[in-house]
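Quick notes on the structure that follows.
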Amino acid sequence: MWDYIVVGGGSAGCIVAARLAENPVAKVLLLEAGRPDEGDEAAALLSCLDKQDDSYDWGYTASTAAGAGGVISYSRAKMLGGCANHNDCAFLPPPASDLDRWAAMGATGWDAASMQPALKRIETRLTIEASPPGTVLSRAFIAAGLELGLPECNYREKAGPGAGWFPLNADGDLRQSSSIAYLHPLASLPDNLTVRTGVFVRRLLIENGKAMGVETTAGECRCDCEVILCGGSINTPQLLMLSGIGPAAHLKQHGMGVIADLPGVGQNLVDHVSANIVHELREPAPCWQRTPCEAVITMQTDDALPVPDLLLHFIPQLREKYAGQARFGGVRHGFKISPNVTRPRSRGWLELGSANPADKLRIELNYLSDEEGHDERTLLRGLRLSRELGATRALSSWSKREILPGPDKVTDADLIAYMRRNCETVYHPAGTCRMGDVNASDTVVGPDLKVKGIAGLRVADASVFPDMVTVNINNTVMMVGEHAAHLVAKDYLT
């Protein structure tokens with residue numbers, strides 16, 4: 001029997017488990033469906049990211065926007081360490097205005113001032129590095145931003161507007177994911193913390209309105225205090241629904257019993273939507289050394305906003321695993337400018353395919369769908385700004401030609417049609433178990449992260465975000481993990 005069971009060993013889950021185990025009398029079990037990461041260069045080393053094959057991923061697909069047709073790969077890491085072992089290690093603190101907005105939306109106690117202790121604990125535990133000088137192309141991208149009048153920006157301090165280098169949660173080539181920073185070496189974990197990988201949780205064990213444990217592929221695991229779900233914005237709502245917690249009509253559609261009718265489970269899916277300007281290079285450029293995404297530009301197109309509404313990633317190489325795609329016309333050497341909408345207003349959803357945990361989910365990102373047209377206008381502006389960057393002296397000398405959308409696409413209608421057909425994810429899903437006022441019908445957890453209507457059950461991952469943050473989300477997910485552990489420990493130590 002355990003005191004706490006943490007489901008999901010990703011960016012938040014590893015932190016929750018490690019912090020709870022700092023209480024020597026608390027028996028903590030961390031369950032991860034994926035593989036271990038220790039000793040695996042593909043998982044641990046930034047420069048080996050493209051060596052990860054399909055076995056490191058859940059293999060999800062998602063529909064993007066009306067008129068797009070087909071689906072895109074919606075990659076989610078399936079390993080200890082989660083997406084922090086699967087990303088480019090961009091590590092930006094959320095702007096204070098984002099967290100203050102959370103609090104105003106009903107997430108009382110999650111304002112910027114209140115979150116400073118959690119953010120500080122992360123910075124103390126991890127090695128955070130400024131990105132190296134980077135490739136000559138990345139330097140040219142930053143120079144292009146300066147040429148357009150943007151200031152140099154230190155993203156360790158705040159998110160722009162400006163141009164600069166991504167801070168990295170890395171120590172040289174070694175990732176500083178929460179598994180590596182909080183759990184490794186696994187052989188030296190405290191006796192009261194057990195980590196099991198390759199264990200898939202099929203459903204929660206709910207008895208008399210309380211979470212008593214989980215049913216897994218390796219049998220049942222039970223706990224005295226709490227189950228904390230840290231599976232992320234896809235797997236956490238899936239597990240809740242498989243356990244009878246979610247929209248009643250949807251659960252009944254699949255012949256499932258309803259333990260708690262929570263309409264917000266699986267809804268409110270928000271993600272950073274992007275579209276690319278792609279150039280062919282005049283000649284091959286030096287390859288990236290540690291991470292393919294080194295340089296960033298943030299822009300503010302609306303002066304009334306407290307922080308930038310556009311974030312532009314720069315990828316100085318068409319990576320080998322994607323370069324052969326027909327959409328690049330066979331071009332292998334090029335660069336991408338990838339603007340994304342920092343605080344999108346469109347909302348998607350996910351649903352079960354059936355009551356079978358092994359069946360695929362239906363994921364509808366529903367990009368560019370907000371009634372005000374904010375996301376479409378902002379991304380259109382991002383594409384035009386990306387073209388301005390490509391035309392600067394700093395970048396134009398490298399470009400042989402624009403591949404996508406192509407020089408013939410010049411009108412707003414042309415570009416809107418292009419981005420609807422070709423919009424992409426930045427792999428930042430959030431909000432599917434939204435935190436807020438417990439009396440609101442669409443919230444799933446209160447500010448204490450407790451699932452409404454079920455005792456002994458909390459959620460601590462990106463699914464609880466009340467709204468999207470302006471920047472890459474890994475730092476904020478770790479913040480959720482740190483604060484969740486504090487909330488849980490406080491309940492049982494007072």
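The values are calculated or read from the model by the stated rules, or taken from the named source; none is laboratory data. Remember, it's a predicted structure, so these values are computed and weren't measured experimentally. Here Cβ is always computed from backbone atoms with ideal geometry, including for glycine, and neighbour counts include all displayed protein chains.
Observations, loosely collected:
- Residue satisfying condition, being within 24 Å of residue 484 (Cα to Cα) and in contact with a strand residue (DSSP E or B) (Cβ under 7 Å, 6 or more places away or on another chain), within set 80, 119, 126: 80
- Residues in region 317-333 include none that are at pLDDT 90 or above and under 24 Å from residue 168 (Cα atoms).
- Selection count, region 366-404, where residues are touching an Asp or Glu at 6+ places or on another chain (Cβ under 6 Å) and surrounded by fewer than 17 Cβ atoms within 10 Å (Cβ to Cβ): 2
- Hits in region 192-217 (condition: assigned to a loop (DSSP other than H, G, I, E, B) and without any contact (Cβ under 8 Å) to a residue 40 or more places away in the chain): 208, 217
- Number of residues in region 121-145 that are more than 17 Å from residue 84 (Cα to Cα), within 25 Å of the chain's Cα centre (by Cα) and of a type in the set (S, T, N, Q) equals 2.
- Taken over region 178-191, the residue count meeting the criterion of being among the polar types (S, T, N, Q) and either part of a loop (DSSP other than H, G, I, E, B) or in contact with a Ser or Thr (Cβ under 7 Å, 6 or more places away or on another chain) (or both) is 1.
- Condition check for residue 55: in a strand (DSSP E or B), of a type outside the set (Phe, Trp, Tyr) and more than 21 Å from residue 311 (Cβ to Cβ): no
- Residue in region 271-281 that is surrounded by fewer than 21 Cβ atoms within 10 Å (Cβ to Cβ), in contact with a strand residue (DSSP E or B) (Cβ under 9 Å, 6 or more places away or on another chain) and more than 25 Å from residue 367 (Cβ to Cβ) present: yes
Quick grid of which residues meet (1) under 30 Å from residue 204 (Cβ atoms); (2) part of a loop (DSSP other than H, G, I, E, B); (3) modelled with pLDDT of 95 or more:
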{"residue": "236", "(1), (2), (3)": "yes, no, yes"}
{"residue": "239", "(1), (2), (3)": "yes, no, yes"}
{"residue": "249", "(1), (2), (3)": "yes, no, yes"}
{"residue": "263", "(1), (2), (3)": "yes, yes, yes"}
{"residue": "267", "(1), (2), (3)": "yes, yes, yes"}
{"residue": "285", "(1), (2), (3)": "no, yes, no"}
{"residue": "291", "(1), (2), (3)": "no, yes, no"}
{"residue": "297", "(1), (2), (3)": "no, no, yes"}
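- Count - residues of region 396-449 that are among the aliphatic types (A, V, I, L, M), in a strand (DSSP E or B) and in contact (Cβ under 8 Å) with a residue 60 or more places away in the chain: 4
- When 74, 56 are checked against the criterion of being at pLDDT 95 or above, hydroxyl-bearing (Ser, Thr, Tyr) and closer than 23 Å to residue 181 by Cβ, a single residue qualifies: 56.
- Tally, over region 82-99, of residues that are under 20 Å from residue 288 (Cα atoms), in a helix (DSSP H, G or I) and either over 11 Å from the mean Cα position of the chain (by Cα) or free of Cβ contacts under 8 Å to residues at least 40 places away in the same chain (or both): 1
- On the stretch given as region 32-50, residues that are out of contact with any Gly (no Cβ under 9 Å at 6 or more places or on another chain) and farther than 19 Å from residue 176 by Cβ total 1.
- Verdict on residue 351 being under 30 Å from residue 214 (Cβ atoms), touching a Phe, Trp or Tyr at 6+ places or on another chain (Cβ under 6 Å) and either free of Cβ contacts under 8 Å to residues at least 12 places away in the same chain or of a type outside the set (A, V, I, L, M, F, W, C) (or both): no
- Residue in region 431-453 that is touching a Phe, Trp or Tyr at 6+ places or on another chain (Cβ under 8 Å), more than 27 Å from residue 168 (Cα to Cα), surrounded by fewer than 21 Cβ atoms within 10 Å (Cβ to Cβ) and of a type in the set (A, V, I, L, M, F, W, C) present: no
- Here is the figure for region 348-395: residues that are within 26 Å of residue 257 (Cβ to Cβ) and part of a loop (DSSP other than H, G, I, E, B) total 10.
- All conditions but one from (1) at pLDDT 95 or above; (2) buried (at least 18 other Cβ atoms within 10 Å of the Cβ); (3) farther than 26 Å from residue 203 by Cβ apply to residue 15; the one that does not is (3).
- Among the criteria (1) part of a helix (DSSP H, G or I); (2) touching a residue at least 40 places away in the same chain (Cβ under 8 Å); (3) over 30 Å from residue 442 (Cα atoms), the one residue 102 does not fulfil is (3).
- Members of region 326-347 that are in contact (Cβ under 8 Å) with a residue 24 or more places away in the chain and not in a strand (DSSP E or B): 327, 328, 329, 331, 333, 342, 343, 344, 345, 346, 347
- Looking across region 450-471, the residues that are part of a loop (DSSP other than H, G, I, E, B) and more than 22 Å from residue 306 (Cβ to Cβ) come down to 452, 453, 454, 456, 460, 461.
- Residue within region 472-489 that is in contact (Cβ under 8 Å) with a residue 60 or more places away in the chain, charged (D, E, K, R) and not in a helix (DSSP H, G or I) present: no
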